[in-house]
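The values are calculated or read from the model by the stated rules, or taken from the named source; none is laboratory data. Keep in mind the model is a prediction, meaning the values are calculated, not measured. Please note: Cβ atoms are built from the backbone with ideal geometry, for glycine as well, and neighbour counts cover all protein chains shown. Surface accessibility is based on the protein's heavy atoms, side chains included, excluding ligands, DNA and RNA. Shrake-Rupley method; radii C 1.70, N 1.55, O 1.52, S 1.80 Å.
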Amino acid sequence: MGPTGSARILQIHPTRQCNLSCLHCYSSSSPRAHGALALDLLCEAISDAADEGFNFVSLSGGEPLLYKPLAQLLQHAHTCGMRTSVTSNGMLLTAPNIELLYGNVDVLAISIDGIPESHNRIRGSQLAFDTMKARLPLLRAANLNFGFIFTLTQYNLNELDWVRDFAISEGAKLLQIHPLEEVGNAATMLQGSAPDATESAYAWLLAQQSNNSALRVQIDLAFSETVKQHPELVFASAASELKIKRFGDLVSPIVIEADATVSPIQYGFARDFAIGNLTQAPLRTLLKDWQVQRLPAFYALCRDVYDEIACAPKPYFFDWNNLIGKRAEETNHPSPMKKSGQSNVVHAHSDI
Ligand code: SF4
């Protein structure tokens, strides 16, 4: 088991083309980005992933609704027995696009960044919030289940209550809280805006309090004490996993980026750990080779990060994907501190 629980996730970014150019976009998508991955390339990868035990295809962007063969891609995932999700900024959820999604998507996630003013500022469009909101009655009329994804920053925790009430009033079934990652556009446009340990701890508590029968609230944060007791959650248990044959049980998520690079864990993960590129070999071959050549190094990295968490002086909440992504980058480019033999200890600021 890993951070994604029983879900074995194949995340796909078929294109970086988007109708928006958001300040926090980790894939640096925009209307200026062109090109898209071929449908047959992605369908073959989905088939291979299903054979390797992956059971969930998550489509993200760019804006997936701009990917012309989206319906065929989702249908192929269903044919392979996988569940599907699509993450959208919501502005293009027109009646024809909703019809395209109907029956093909199991989870539709719509991005939201706070109150309308905050949402529009981060999205770089004065029309972003109102246009998205105007699409929601169409979703309800079509009886299409949807949820929201809220990007938590250091500065918008006070808007979380508003977002929760908005989600309930609009009939959303899920609110997912995702901490900002300072990569892609956010590395320059929102530098220093990722939530710290204190902000994360409060967000965690608010998320627990907000859970109710009308709305399920999830937060993409881990608690250090839970991880300490369950190293398998961060792929840091004994190497017994290596005996398991299917790749989906070894690492999840894996990510197909818009240039066909396959990465473990998250978009843009340090290239030293890249699984390969689909233009060079099919996914089944890439996974097999990586399992032999790089999986031991990846697990060693996971154990280093686990030790770092276990040594922290106080319990704390943290974004494991973000943390391991940073440590993987440092493995590529060791910092002067690392070179001098000192460890990277995460300092907990919370008393929780
Ligand atoms: S965050 Fe989403 S909506 Fe914004 S530019 Fe990136 S892909 Fe497009």
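A few points about this structure:
- Under the condition of being hydrophobic (A, V, I, L, M, F, W, C) and away from the ligand (no atom under 16 Å from the Cβ), the residues counted in segment 67-106 number 11.
- Among the residues of segment 29-44, those that are open to solvent by less than 40 Å² (accessible area, probe 1.4 Å) and within 13 Å of the ligand (Cβ to nearest atom) comprise SER29, SER30, ALA33.
- Qualifying positions in segment 1-28 - closer than 20 Å to ASP106 by Cα and open to solvent by 10 Å² or more (accessible area, probe 1.4 Å): THR4, GLY5, SER6, ALA7, ARG8, ILE9, GLN11
- Members of segment 45-100 found to be among the charged types (D, E, K, R), in a loop (DSSP other than H, G, I, E, B) and open to solvent by less than 20 Å² (accessible area, probe 1.4 Å), listed by number: GLU63
- Of the numbered criteria (1) within 17 Å of PHE146 (Cβ to Cβ); (2) within 18 Å of the chain's Cα centre (by Cα), the one ASN97 fails is (2).
- Whenever a residue of segment 123-137 is free of Cβ contacts under 8 Å to residues at least 24 places away in the same chain and within 14 Å of LEU20 (Cα to Cα), its partners that are acidic (Asp, Glu) and within 15 Å of the ligand (Cβ to nearest atom), lying with C-beta atoms within less than 9 angstrom and at least six residues away or across chains, give the pairs PHE129/ASP113.
- Restricting ASN158, ASN143 to residues that are more than 13 Å from SER111 (Cβ to Cβ), open to solvent by 10 Å² or more (accessible area, probe 1.4 Å), part of a helix (DSSP H, G or I) and out of contact with any helix residue (DSSP H, G or I) (no Cβ under 7 Å at 6 or more places or on another chain) narrows the list to ASN158.
- Candidate set from segment 164-196 (those that are among the aliphatic types (A, V, I, L, M) and away from the ligand (no atom under 16 Å from the Cβ)); member that is surrounded by the fewest Cβ atoms within 10 Å (Cβ to Cβ): ILE168
- Restricted to segment 210-298, the set of strands (runs of 3 or more DSSP E) holding at least 2 residues that are within 24 Å of LEU174 (Cβ to Cβ) and not basic (Lys, Arg) comprises 216-219, 254-256.
- Test result for LEU160, within 21 Å of SER58 (Cα to Cα) and more than 16 Å from the ligand (Cβ to nearest atom): no
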